[in-house]
Amino acid sequence: MLDILYQDENLIAINKPHGLLVHRSSIAADAEEFALQLLRDQIGKKVNPAHRIDRKTGGVLLFAFDKPTEIAMQQAFMENRVKKKYLAILRGYTPDAEEIDYPLRKENGTLQEALTRYVTLNRAELDLPFGAHPTSRYSLIEASPETGRMHQLRKHFAHIFHPIIGDRTHGCNKQNKFFKETWEMETMLLHASQLTFMHPVTGEEITIKAPLQPEFKRVMQLMGWEDN
């Protein structure tokens with residue numbers, strides 16, 4: 001059963017587990033379960049995604065019950081009128097706060113402006129050697145992407161040499177292997193924690209928050225951090 005975070009006549013939001021695809025895709029032929037179909041079957045109503053989050057990312061995923069609401073919300077996401085917050089666990093010690101203003105290239109080669117702001121919530125140094133280092137260091141951050149580019153957070157944190165743990169495409173393969181061998185953990189530690197937007201029908205401000213998924217919580221405990 002999917003965890004429903006919010007529901008009204010026009011919108012419904014779930015806390016998507018890590019590893020669950022939003023909908024069927026030809027590029028992920030191995031997948032047999034999809035958030036769209038699971039939610040539709042669970043509530044007995046047709047839904048359409050108002051936006052997308054990566055398969056490996058957990059957290060708030062918003063759907064619309066009707067076409068006008070779906071179009072209105074997709075437009076709001078495209079125009080960056082939806083405020084998004086993410087939690088992530090990164091390699092190394094990050095600065096207290098930073099702005100990453102680094103354009104990202106689309107598949108067709110076109111450069112797009114991309115801006116991410118983040119703050120560091122916590123840091124941990126584990127008494128476990130990694131490579132040439134006698135200990136292992138990690139940071140818990142809260143990121144607010146001001147633009148919505150493909151894999152923006154994953155690419156931006158790789159760009160500043162603090163990749164997201166568990167990100168196979170843009171992350172650190174040695175760290176990912178270390179987490180798998182040490183803790184049997186392969187989850188990408190990126191969580192869509194909050195969405196804030198103006199409701200396209202009622203006009204009221206809506207904030208939807210998603211609690212952390214179990215694997216993310218487990219790593220928080222390993223780091224000695226309180227559950228945020």
The range 30-145, dipole about Cα centre (Lys/Arg Cβ +1, Asp/Glu Cβ -1), debye to the nearest 20: 300
Amide H neighbours of residue 56 under 5 Å, at least 5 residues apart or on other chains, H built in the peptide plane: list them. 19
Measuring with a 1.4 Å probe in the full set of protein chains, what accessible area per residue, in whole Å², belongs to the range 53-184? 53
For n ≥ 4 DSSP H runs only, could you compute -39500 (n - 2.57) per run for the chain, divide by its residues and tell me the 222 nm figure to the nearest 500? -6500 deg cm²/dmol
Extension length gain for residue 217 and residue 201 (0.36 nm per residue less Cα distance), in nm, is 2.2 nm
Estimated dipole of the chain in Debye, rounded to 20 [Cβ of Lys and Arg +1, of Asp and Glu -1, Cα centre]: 520
Charge sum, other residues only, whose C-beta stays under 13 Å from residue 158's C-beta, Lys/Arg counted +1 and Asp/Glu -1: +3
What list of ³J(HN,Hα) values in whole Hz, one per residue of the range 185-200 in order, does the Karplus curve 6.51 cos²θ - 1.76 cosθ + 1.60 (θ = phi - 60°) give from phi, with Gly and Pro shown as x? 10, 10, 5, 6, 8, 10, 9, 7, 8, 7, 10, 10, 7, 8, 4, x
Among the listed pairs 45/155; 46/217; 56/106; 83/174; 46/155; 67/155, which are separated by more than 30 Å between their Cα atoms? 45/155; 46/217; 83/174; 46/155; 67/155
Run the reach check for residue 209 against aspartates and glutamates, Cα to Cα strictly under 15 Å, same-chain hits fewer than 8 apart removed. What comes back? 3, 142, 227
Let me make sure I get this right: for the chain, a, b and c are the square roots of the gyration tensor eigenvalues over alpha carbons, sorted descending. Under 1.5 in a/c it's rounded, otherwise prolate if a/b > b/c, else oblate. Which is it? prolate
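The values are calculated or read from the model by the stated rules, or taken from the named source; none is laboratory data. None of the values given here were measured: they were computed from a predicted structure. A quick note on method: Cβ atoms are made from the backbone with ideal geometry, for glycine too, and the neighbour counts reach across all protein chains shown. Ligands, DNA and RNA are excluded from the accessible area calculation, which covers all protein heavy atoms including side chains. Shrake-Rupley method; radii C 1.70, N 1.55, O 1.52, S 1.80 Å.
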